[in-house]
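Engineer: Here's a structure for you.
The values are calculated or read from the model by the stated rules, or taken from the named source; none is laboratory data. Keep in mind that what you see is a predicted model, and the values were worked out from it rather than measured. With ideal geometry, Cβ positions are generated from the backbone for all residues, glycine too; neighbour counts draw on all protein chains shown.
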Amino acid sequence: MTDRHILTGRHFMNGDEACAEGAIAAGCRFFGGYPITPSTEIAEHLARRLPEVGGVFAQMEDELASMAAILGASAAGSRAMTATSGPGFSLMMENIGLGMMLEIPCVVIDVQRGSPSTGLPTMPGQSDVMQARWGSHGDYGSITYTPWSPQEMFDLTIHSFNVADRYRLPVFLLADEVVGHMVERVVIPPAEEINLWQRKHPQTPPGEPFKPFEALDDDLVPPMVHAGEGYKVHFTGLTHDPRGYPDMTADTHHELVTRLVNKVRVNREQLILTQEFETQDADVLVISYGCTARSARKAVREARQEGIKAGMLRLISLWPFPEEKVRELTSRAKALIVAEMNLGQISLEVQRTTSRPVRGVFHAGGAMIPPGPILEAIRESA
């Protein structure tokens, strides 16, 4: 990569711009999207930057076409992404399901806003959490990350591309309006310090018999070939056999869908990311993510100053859900609090995982949850 590909150095930029630069640094060379607040700055930035690095920016007619376009670009060998917010994310779901079935790697950025429907276009929300897990019909594994700063918008965009390529599926980066529009320092490292993972390619040379959807390794991920490489590949959203040909039998369907789910489950230890603050002796544990975790961290610090043994678990990966870590930490704490800018979506997962009472600090969206309500919940739970 040349110097203009990666803007090495220290910058002040908002989260959306950091995400766009992370995509460039990750080798993304195709963006297909439709403008929607509060993610539009990602598209705007890439409309300028992608042509500078030999990439393609395409403003599509809608979000359905956007998702279809990035699947096609990725199938041809390019790292590809789109960016949207809740209403657009809903429209993408049909083709997200197609991407899961075809096992095509790509990255989908959702900068969340107040929902449902049109909701609050210019204000924050965190209510697309379950949509990222179950939004498209059917069973499949979801990999979803959530940043809490512009720096993580950069870092996790790169990570999302790597994970998408390694496990062959669309990966979601669930940001929020606060992080997307927040301006902070972002450090972009030199190209040689950015680790880019490669897609798994088959050992079979072109022209020889090859089953493009046959997973022979323990990770349950088949190797990927691209259009124009000389392999015969048939893509279909129908249930298909390892050759990629439609097979309308219950046994084949069960085998295929089970593998699509299990390739995330069996690799969960490599996918899950969390961060802990003051959890060693915490009597009150706060679980949070995204911009709300910034308020939760401040509340935990203030509680410590008051002599309350509080700690925080920050979820960086939402899906797969970090059940083992949650069980480990909640088994030691006397009280559990979940703070999130929705009406209790991750709280339900914590309850399912621990079978213990969970106190929620919720807000439906439109304004960031300040530290005060979280601190008050800590005091009352101590």
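Engineer: Given the condition under 29 Å from Asp110 (Cβ atoms), out of contact with any helix residue (DSSP H, G or I) (no Cβ under 8 Å at 6 or more places or on another chain), among the hydroxyl-bearing types (Ser, Thr, Tyr) and buried (at least 17 other Cβ atoms within 10 Å of the Cβ), answer yes or no: does some residue in the stretch 151-164 qualify?
Structural biologist: The answer is yes, given that some residue of the stretch 151-164 is under 29 Å from Asp110 (Cβ atoms), out of contact with any helix residue (DSSP H, G or I) (no Cβ under 8 Å at 6 or more places or on another chain), among the hydroxyl-bearing types (Ser, Thr, Tyr) and buried (at least 17 other Cβ atoms within 10 Å of the Cβ).
Engineer: Another one. All but one of (1) modelled with pLDDT of 95 or more; (2) surrounded by 17 or more Cβ atoms within 10 Å (Cβ to Cβ); (3) of a type outside the set (Phe, Trp, Tyr); (4) in contact with a strand residue (DSSP E or B) (Cβ under 6 Å, 6 or more places away or on another chain) hold for Thr330, so report the exception by its number.
Structural biologist: For Thr330, the failing item is (1).
Engineer: Okay, moving on. Name the residue, out of Arg297, Arg352, Arg304, Arg359, that is of a type in the set (Lys, Arg), more than 20 Å from the chain's Cα centre (by Cα) and surrounded by fewer than 16 Cβ atoms within 10 Å (Cβ to Cβ).
Structural biologist: Arg352
Engineer: Taking the stretch 93-121, which residues are over 27 Å from Asn162 (Cβ atoms) and among the β-branched types (Val, Ile, Thr)?
Structural biologist: Thr118
Engineer: Give me the residue from the stretch 96-142 that is among the hydroxyl-bearing types (Ser, Thr, Tyr) and under 29 Å from Met368 (Cα atoms) and, out of that set, surrounded by the fewest Cβ atoms within 10 Å (Cβ to Cβ).
Structural biologist: Top of the filtered list is Ser117.
Engineer: When you check Ala303 against the structure, is it in contact (Cβ under 8 Å) with a residue 24 or more places away in the chain, over 22 Å from Gly99 (Cβ atoms) and in contact with a Ser or Thr (Cβ under 7 Å, 6 or more places away or on another chain), yes or no?
Structural biologist: no
Engineer: While we're on this one: Return the total of residues in the stretch 261-284 being in a loop (DSSP other than H, G, I, E, B) and either closer than 30 Å to Ile378 by Cα or aromatic (Phe, Trp, Tyr) (or both). Walk me through how you get there before you give the answer.
Structural biologist: From the stretch 261-284, those in a loop (DSSP other than H, G, I, E, B) are 266-267, 272-273, 278-283; that's our starting set.
Within this subset, residues satisfying the condition of being either closer than 30 Å to Ile378 by Cα or aromatic (Phe, Trp, Tyr) (or both) are 272-273, 278-283.
Selection size over the stretch 261-284: 8.
Engineer: Could you go through the stretch 70-77 and let me know if any residue there is under 15 Å from the mean Cα position of the chain (by Cα) and in the same structural domain as Gly15 (by TED's automatic domain parsing).
Structural biologist: No, every residue in the stretch 70-77 fails to be under 15 Å from the mean Cα position of the chain (by Cα) and in the same structural domain as Gly15 (by TED's automatic domain parsing).
Engineer: Can you tell me how many residues within the stretch 205-235 are of a type outside the set (D, E, K, R) and either closer than 30 Å to Val111 by Cα or surrounded by 14 or more Cβ atoms within 10 Å (Cβ to Cβ) (or both)?
Structural biologist: Residues that pass the stated criteria total 14.
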